[in-house]
Amino acid sequence: MNEVLSAFRACFSRTATFEWFVVIIVGLMLRTDHLGVTTLIRDLSLHPRGYETLIHFFRSSAWSLESLRLTWVQVVRRVAPLFSLNGAVVLVGDGMKQAKEARRMPGVKKLHQESENSSKAEYIFGHLFGAIGILMGTPRKWFCLPLFMNLQDGVKSIFGWEHPAERQDSHVVQMIDQGFVAAQAFGKAILLLDRYFLSIPALERWKAESASAAAPLYIVTKVKTNAVAYEHPSARKKGRGRPPKKGPMVKLKELFQTRASEFQTTVTMYGKEETVQYLCLDLLWGQGLYQELRFVLVRWGDRLSILVTTDLTLAATDIIQLYGYRFKIECTFREMKQAIGGFSYHFWSKSMPKLKRYLKKGESHPVEQVIDEKERSRIRQTVKAIEGYVMCSCIAMGLLQLIAVRYSGRVPGLFFRYLRTPSKTVVSEATVMAYLRTSIFRLFACNPQLSITKIIQSKQETHDIDANSLAS
């Protein structure tokens, strides 16, 4: 923890701001509840007068979100045991919707939730985040370590104040851009996405970026079962006229019956013995685009799936194996929500116009009517505070995962907790948090020379620290 957090010192122009950053990361890693930043003060036995300073940190001008993201990516590249396939790292991208009812919180808008979970409302008001993670760990257990998350909807007008001429892209296109940003840092990469992100605008952006990108990025995703593709056009026709761009249309779902005899069988899936049948085809996809993609039709028992990739050299078995890891980012979202409270922020601004829940068609958003530069500045600071809090949560979550991977085999004390089944060879993030809650003060006492220990102790109200914690 001391080694990783020390790497962020250059991101802060003031020492005091860096020290509060350390306090926040350590506090998020062992917090016991989600009752705001006061939790961090209680769990680390900090002096109560640090509350307002802690709040102000997220709006401070002594650090920038971009430098924080770049440093975190470099740290992950240096210390994380990354998963790779054919020399390419594996990135995982997805969107995350967080309900927020605040009337003066920037970026809040009406969102539609597509889920089979009956406990989720079909429509909510909240924030839409785009997240990019990277697969790391050991064959015993893989984690999706979060690299960065940012607001990707509801803030176009706010970002447009600083860059009026800049084009505001859709959520799916922004995810492709974020994938290329990560690939620039890690080199050749494969990006795993949900089927929602397979669209013509996304593929057009992928083609445009691939032409000039320093490192190649390939996409692996899923296709809806009612999707259609096209065969390659036949030889150039005789006579006048332009050559055809596509061949006959193919209904992908029908291939499970019409070409059932051509399916091959594999038995190794995700470390278990599973019988999976598959058919691999290279077809054209997208009305008017006709991009060549590799489709893999998968039959697993009674389940039917259609996977697709932009990498025409990737083996079908590798595509099936890779897409099985896409769900790792959902596990990361769950732990960020339930364990460290990564989305339990409450930042708002009086300068923000009240949220109108029922905007008429064609009616402009109230934030577009803000013209005073000071009010715009306060709203931008609030957006920075929201994204900064989530970025700190990503760093805290990544540290927990790194500790679980590196020290599960060296710290017997980690294997003290299980829920439905005993702890495996690599413990979960929640187990590492529970261990730190009971051991953090003892670890500080055993390592008084570390800068992280000195920073935490300088913020503590020592005469009120629980005597039992000190004794431990």
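Taking only C-alpha pairs under 8 Å that are 6+ residues apart, what is the relative contact order of the range 1-140 in percent?
About 21 percent, as a whole number.
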Excluding residue 338 itself, what net charge comes from residues whose Cβ is under 12 Å from its Cβ, given Lys and Arg +1 and Asp and Glu -1? 0
Heads up, the range 350-445 by the C-alpha gyration tensor (a ≥ b ≥ c square roots of eigenvalues; a/c under 1.5 rounded, else a/b over b/c prolate, else oblate) looks prolate
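Using only alpha carbon pairs under 8 Å that are at least six residues apart, calculate the relative contact order of the chain and give it in whole percent.
In percent, rounded to a whole number, it is 19.
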Out of 155, 132, 260, whose Cα points farthest toward the positive end of the dipole of the chain (charges: +1 Lys, Arg; -1 Asp, Glu; placed on Cβ)? 260
With each label point set 7 Å from Cα along the Cα-Cβ vector, what nm distance links residue 210 and residue 123? 3.8 nm
Compute the relative contact order of the range 14-64 as a whole-number percentage, counting only Cα pairs closer than 8 Å that sit 6 or more residues apart in sequence. 34 percent
Please give me the summed charge of the neighbours of residue 378: other residues whose Cβ is under 13 Å from its Cβ, Lys and Arg +1, Asp and Glu -1. +4
Going by Cα centres, the range 330-365 and the range 1-56 are how many Å apart? 23 Å
For the chain, what does -39500 (n - 2.57) per DSSP helix run (n ≥ 4), summed and divided by total residues, give at 222 nm, in deg cm²/dmol to the nearest 500? -11500 deg cm²/dmol
Lys pairs in the range 279-429, Cα-Cα under 30 Å, at least 8 apart or on separate chains: how many? 21
For the range 270-318, shape from the Cα gyration tensor axes a ≥ b ≥ c, cut at a/c of 1.5 then a/b versus b/c, turns out prolate
Excluding same-chain residues fewer than 8 positions from residue 109, which aspartates and glutamates have a Cα within less than 18 Å of its Cα? 101, 122, 153, 169, 363, 368, 387
Gyration tensor verdict on the range 130-275 (Cα atoms; rounded if a/c is under 1.5, prolate if a/b is larger than b/c, oblate otherwise): oblate
Using a simple charge model, +1 on the beta-carbon of Lys and Arg, -1 on the beta-carbon of Asp and Glu, nothing else, what dipole does the chain show about its Cα centre, in debye to the nearest 20? 720 debye
Taking the Cα centre of the range 1-149 as origin, work out the dipole magnitude from +1 charges on Lys and Arg Cβ and -1 charges on Asp and Glu Cβ, in debye rounded to 20. 220 debye
Placing +1 on the Cβ of each Lys and Arg and -1 on the Cβ of each Asp and Glu in the chain, which of 189, 305, 40 has its Cα farthest towards the positive end of the resulting dipole? 305
Within the set of other residues whose C-beta is less than 11 Å from the C-beta of residue 312, count the net charge using Lys and Arg as +1 and Asp and Glu as -1. -2
Dipole magnitude of the range 178-312 about its Cα centre (Cβ charges: Lys, Arg +1; Asp, Glu -1), debye to nearest 20: 740 debye
If each part is reduced to its alpha-carbon centroid, the range 115-163 and the range 203-253 end up apart, in Å, by 28 Å
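Taken together, the values in this text are just the output of simple stated rules run on the coordinates, not laboratory data. A quick note: this is a predicted structure, and the numbers were derived from the prediction, not measured. Because the Cβ atoms are built from the backbone with ideal geometry, glycine has one as well, and the counts that use them run over all protein chains shown.
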